[in-house]
Amino acid sequence: MRTTTRRTHSVRRALTGALLAGLTLLTSAGAAVADDPSASASPAGDEAGPTEAGTTFRTATALKPDQTGTAQASTGDYLYWVFPADAGQRPTVEATVKLPENAARRSTSTWQIDVYDGLRRRQACMYGHQTRKAAADAATVELSCVLRPVRAWSEPWANDPLPGSYYVRLTVVDLPADELGLPVGAEVRATVKEQGGAHDVDGALSEPLVPGVSVASAGDTGDAGASAAPRVPSAGEPEDGWASGWWTDRWLWTVGGGVLAALAAVFGYSLTRGRGRPARVPQGV
């Protein structure tokens, strides 16, 4: 009986030790999430947003995530903004167009918002109101586009969204010619939501899809003797750099699965090992 009791105590100690080890690993993993900049939320755009928009891809106005950009334009103009999106994030773009006074309009108009990646490939919306009609007496029209989650890597033939700059284009696509040129106001807001390790893939881009990033990289490595000047982020690039790195929340699932497997192994061993020699059996047998 003493032998059985000792074995029970040893099994309990083993289970307790495995549980404590698992909790320690999970705690350290959570601390890594807090310390790793890639796991932090996108910086809130608490500062004033830009008050103008570009008219081409090259002159697109830079937006930070969660920052609202405004612009005054005329119906028929193409308005462009650019914002960064990293791997594991799902961008959402929302736009509000303030239409001219009712006295100046006599017909309906159709407005559309398009999103392009760093290669200027038009990205499809998962859902949202990408195109909407505005009645002649409407004061505003609201548009939205929720993109697919950004992937860290993709096949060359695929059209998957990749880390880099994303361009927003807002314009009217259906309006009588005699009503073009009327003043309108526009508000655009881009947000990104972390999707976690469920969308992680093996592989990564050598550089994010940001215009001029390859030229900047070549200039940094080509002049080794020159003094290192602070690098200024280009339009459509985060101020603190791209967050893509080694950490994903899959590490938590991996550690948790390992702890559960260890506990199951110890528990199964305690069940199959038996209770030892019965007390009624002599020692010499």
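Observations
- Region 130-145 residues that are farther than 10 Å from residue 97 by Cβ, paired with ones that are assigned to a loop (DSSP other than H, G, I, E, B) and open to solvent by 70 Å² or more (accessible area, probe 1.4 Å) (beta carbon under 7 Å, 6 or more apart): 133/108; 135/108; 136/106; 136/108; 144/129
- Region 136-145, subset out of contact with any Leu (no Cβ under 8 Å at 6 or more places or on another chain) and modelled with pLDDT of 90 or more, residue surrounded by the most Cβ atoms within 10 Å (Cβ to Cβ): 145
- Entry remark, region 146-159: residues being surrounded by fewer than 16 Cβ atoms within 10 Å (Cβ to Cβ) and closer than 26 Å to residue 61 by Cβ number 1 in total.
- Residue list for region 154-174, filter: touching a residue at least 60 places away in the same chain (Cβ under 8 Å) and either among the aromatic types (Phe, Trp, Tyr) or assigned to a strand (DSSP E or B) (or both): 164, 165, 166, 167, 168, 169, 170, 171, 172, 173, 174
- Meeting the requirement of 2 or more residues that are modelled with pLDDT of 90 or more and touching a His at 6+ places or on another chain (Cβ under 8 Å), no strands (runs of 3 or more DSSP E) wholly within region 1-99 can be named.
- Taken over region 110-129, residues that are outside any strand (DSSP E or B) and more than 30 Å from residue 100 (Cα to Cα) amount to 5.
- If you check 123, 112 for being polar (S, T, N, Q) and open to solvent by 10 Å² or more (accessible area, probe 1.4 Å), only one passes: 112.
- Qualifying residue in region 133-142 (condition: β-branched (Val, Ile, Thr) and in a strand (DSSP E or B)): yes
- Exactly one residue out of 148, 106, 121, 169 is at pLDDT below 95 and over 19 Å from the mean Cα position of the chain (by Cα): that is 106.
The values are calculated or read from the model by the stated rules, or taken from the named source; none is laboratory data. What you see is a predicted model; the values in this text were computed from it and never measured. Glycine gets a Cβ as well: all are built from the backbone with ideal geometry, and neighbour counts include every protein chain shown. Keep in mind that these areas ignore ligands, DNA and RNA; they rest on the heavy atoms of the full protein, side chains included. Shrake-Rupley method; radii C 1.70, N 1.55, O 1.52, S 1.80 Å.
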